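Here's the structure we're looking at; comments come further down.
What follows draws every value from the coordinates through simple rules; no lab data is involved. This is a predicted model, so every value here is computed, not measured.
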């Protein structure tokens, strides 16, 4: 029973890490991730898998994943620098130390994402992102985003990459390349008062891997309840990417439950 | 606009629900096998007989002590290790010069073997020209023991053209929970048709049955193998069939408590064959074995093909070749060491190769 519980726990942690890559923060019928918007002041947005974000002021948002934080200390600050009726611009800056999480996932048996005989290096990752959003009307916005991700590593044994969609493109720089960049476009809108949609496409660069290509596309619907305090997100992610074994295409479904509070 | 929204809405729901096999681990009951051909076809001199070889090559792992046989904790190899091990495997194959090679546990796209396609490697470095491959363990990512991506299985390689390659799924172990079963090995029979220069056709079959089943799954797999051979026989066709049956012959003196079995985890204990001694009876009764049963029963140890202990020696026979035609008298050889085969095969895999000469009818 104990072993079974541990297996479930490790799978949950792995799944949470994975889902956190596709979940988005949301505010006022808009996913704020990859947009020029931030959460409104004193608004807390959380979910089962996604990051938790909080609006400190109407132009400043902070976020982390509270469950993962103790094994993967990480967080970000997002600052909105400009906002007019149709245009918004913000930047986001964050860092994380995944070393403990990596070593936790290096284990025998179920949930062993890495071999048990490997020891993770110390990794300090940080990213810097800029987003701009243009609102065509109340029901339709388009955003452009670019970010730069860098990792400082030290020590550890030879450590394996995780050759999976979504994960490899975001973690390979911990082992091989030291940095990667991403550019993307998001389209968001509302179908009616209680259903919104998101379509995005992202392109990843790994500079020291010239033949590397990774394109991700996401489509998601969000069903809102209780004036938007509760939400169910369901969608898919399509990934065409380069891995150490070659190129591959994946379709990955995902879902999350989200909660929003005005504190 | 409303029309576009409806299309998007339907697309999201459909795509969200469509990926019922997100890690690509599943197979149909019957599938086409994967075909390979050497870049350079080497014309073989056909003498009217066929040298047949079967070998479980342990995914080019040589004698590295891996976690699953409990002698070590290794999970992944680097590319140089795999190439070094496969080079030694290929040297042995080239020494034997088989016309047909039945190979088990060959990796084509696995992280543990540094993504070296071992079927292509063998084709490139031997005089074998054609191959069919059937995966028995495939997953985009196995979230256990740090294995990552796996595509490993069985292959039939030949100097002569192969066609109609088919993967026939075998029953899965029934005692696994659904999560384990989803990611676990899916055993199969790989079948292909060999066409000789004179136009004659021979069915070739390769099998690797379950090693760790405790619910009779291995027996079911062996019985299905026997039924397939009977079908071919009754259809008036000739076959050459073999592989790693993970079962010992009737009349084996030692059936349990093998000294190399050091696993304490029940899932990896596979050394008690005492209740399985008759499982191969029907195969021996209906078809010709490369090593006749009477020869094996006279001297078990000369025909042993397996041990997990690199410091020990072969201590059980798990590998076989059968036919409904005929093998040349006394042409069999279990390549155990220098004195029996000319090479120290203990260093190359946890199985020894078995060869025999088939007389074309």
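Listed values, structure above:
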{"quantity": "Calculated on alpha-carbon atoms, Rg and Dmax of chain A in Å", "calculated": "18.3, 57"}
{"quantity": "Most mobile listed residue (B:315, B:85, B:24) in chain B, GNM with C-alpha springs under 10 Å", "calculated": "B:24"}
{"quantity": "Folded to 0 to 90 degrees: helix A:2-20 orientation relative to chain A principal axis, Cα", "calculated": "50 degrees"}
{"quantity": "For the range A:192-238, fraction of C-alpha pairs farther apart than 13 Å, in %", "calculated": "64 percent"}
{"quantity": "For the range B:161-302: Kirkwood Rh in Å [reciprocal of mean 1/r, alpha carbons]", "calculated": "16.9 Å"}
{"quantity": "Where the Cα pairs of the range B:174-215 fall when distances are cut into 5 Å bins, in %", "calculated": "5, 17, 18, 16, 11, 9, 9, 7, 6, 3, 0"}
{"quantity": "Hydrodynamic radius by Kirkwood, which averages 1/r over all alpha carbon pairs of the range B:300-361, in angstrom", "calculated": "12.3 Å"}
{"quantity": "Principal-axis tilt of helix B:217-234 within chain B, Cα atoms, nearest 10 degrees", "calculated": "70 degrees"}
{"quantity": "Over the range B:219-311 - Rg/Rh using Cα atoms and the Kirkwood inverse-distance radius", "calculated": "1.00"}
{"quantity": "Over the range B:57-186, volume per residue of the alpha carbon convex hull, in Å³", "calculated": "112 Å³"}
{"quantity": "Value of D in µm² per second that Stokes-Einstein yields for the range A:56-97, Kirkwood Rh from Cα pairs, at 25 °C (0.890 mPa s)", "calculated": "214 µm²/s"}
{"quantity": "Two-decimal log10 I(q)/I(0) for the protein assembly as shown, as the Debye equation yields it once each C-alpha is a single scatterer, q = 0.10 Å⁻¹", "calculated": "-0.91"}
{"quantity": "For chain A, built as a Gaussian network whose Cα springs stay under 10 Å, the top-fluctuating residue of A:143, A:154, A:91", "calculated": "A:154"}
{"quantity": "Highest-MSF residue in chain A out of A:122, A:136, A:49 [GNM, Cα springs under 10 Å]", "calculated": "A:136"}
{"quantity": "Largest-first principal axis extents of the Cα set of the range B:2-359 (Å)", "calculated": "79, 52, 42"}
{"quantity": "For the range B:80-140, Kirkwood radius (reciprocal of mean inverse C-alpha pair distance, Å)", "calculated": "12.2 Å"}
{"quantity": "Quarter of Cα convex hull surface for the range B:201-262, i.e. mean projection, nm²", "calculated": "5.4 nm²"}
{"quantity": "Chain A: relative contact order in percent, alpha carbon pairs under 8 Å with at least 6 residues between", "calculated": "15 percent"}
{"quantity": "10 Å binning of all Cα-Cα separations within the range A:108-222, expressed as whole percents from 0 upward", "calculated": "12, 34, 27, 19, 8, 1"}
{"quantity": "For the range A:77-122 versus the range A:41-67, the gap between their alpha-carbon centres in whole angstrom", "calculated": "16 Å"}
